[in-house]
Amino acid sequence: MFKKESYGMKDNKSSYTRGNGLLEPLLAQLRAKKANSLIPEELRKGRILDIGCGSYPYFLSHTSFREKYAIDQQLPSKGVSNIHWYSLGLDGILKLPFSDKFFNVITMLAVIEHLDPMVLESLFKEARRTLSPGGALILTTPAAWSDGILRWMARINLVSAEEIEEHTFAYTLPLIGWYFGKAGFEMRKVKFGYFELMMNLWAVAER
């Protein structure tokens, strides 16, 4: 079940993520900058969906698209507007409430580490179904090797302890590529890389 609303937003710098963390505003900005750098300009004339954006959709408020959509299990913060919001959990059997080839870009920024890996294949398949030809699925996630560092940073309040405690799995680039392949993406249309001192991974799969 899902609930759709239309929202826009004003900056609320205290709500970059659930929990506290001195570096959370900076990390949100770096993720948004990386994601924006991976989006071809011609795709911005269409629709973007940000999955797992949190109640404060920082990235969507700092990217340019004709239409913006958001999915999260949380309700949006006050002051959000100009974003089509769907309250939807990502656990269990997943069916995105959109027609085939609806989006030009789908983003999942710091999301997949919170999901049961069994959900990931079906979520990627749904992303591929709802992407238009030439569209792109873009994601970021912490590198597997950085898990211990992130947990230490959470203990000293540099990052959100609440968010880190909810990490269920850590990924490598080859493993992300394997999931892309299982979902039907062609490996010749997949790109990978690192950012934030190689502590985070980025990946792009083109439809």
Self-check item: Extent along principal axes [Cα atoms of the stretch 106-207; Å; largest to smallest]
Solution: 45, 25, 18
Exercise. First select every other residue whose beta carbon is under 10 angstrom from the beta carbon of G46; then total the charges, Lys and Arg +1, Asp and Glu -1.
Key: +2
Quiz item: Near the amide H of K101, under 5 Å away, which other amide H atoms are found, from residues 5 or more places off or on another chain, if H is placed in the peptide plane?
Solution: T130, L131
Practice problem: Scan around D50 for amide H atoms under 5 Å from its own, H built in the peptide plane at 1.01 Å from N, and keep only partners 5 or more places away or cross-chain. | Solution: Y69, A70, I71, T107
Self-check item: Relative packing of 182-194, 51-63, 119-131, 150-162, which averages over residues the other C-beta atoms within 10 Å, highest first
Solution: 51-63, 119-131, 150-162, 182-194
Quiz item: Say each of M198 and R151 gets a label point 7 Å from the Cα, pointing the same way as Cα to Cβ; how far apart are those two points in nm?
Solution: 2.2
Quiz prompt | Additional length obtainable on full extension of the chain from F169 to S81, 0.36 nm per residue less Cα span | solution = 28.4 nm
Quiz item: Share of antiparallel DSSP beta bridges in the chain, in percent to the nearest 5?
Solution: 50
Quiz item: Using θ = phi - 60° and the Karplus form 6.51 cos²θ - 1.76 cosθ + 1.60, what ³J(HN,Hα) does each residue of the stretch 165-180 get, whole Hz, x for Gly and Pro?
Solution: 5, 8, 5, 9, 7, 10, 10, 10, 4, x, 5, 4, x, 4, 5, 4
Quiz item: Seen from all sides and averaged, what is the projected area of the convex hull of the Cα atoms in the chain, in nm²?
Solution: 10.3
Quiz item: If contacts are Cα pairs under 8 angstrom and at least 6 residues apart, what is the relative contact order of the chain in percent?
Solution: 23
Self-check item: CD proxy at 222 nm, helix term only [per DSSP H run n ≥ 4: -39500 (n - 2.57); per residue of the chain; nearest 500]
Solution: -7500 deg cm²/dmol
Quiz prompt | the stretch 132-146 - phi-based ³J(HN,Hα) in whole Hz, Karplus 6.51/-1.76/1.60, Gly and Pro as x | solution = 6, x, x, x, 9, 9, 10, 9, 10, 7, x, 5, 4, 5, 8
Practice problem: Sum up the charges of everything whose Cβ sits under 15 Å from the Cβ of A127, counting Lys and Arg as +1 and Asp and Glu as -1, but leave A127 out. | Solution: +3
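Bear in mind that the values in this text are calculations on the coordinates, not laboratory data. This is a predicted model, so every value here is computed, not measured. Positions of Cβ are generated from backbone atoms using ideal geometry, with glycine treated the same way; all protein chains shown enter the neighbour counts.
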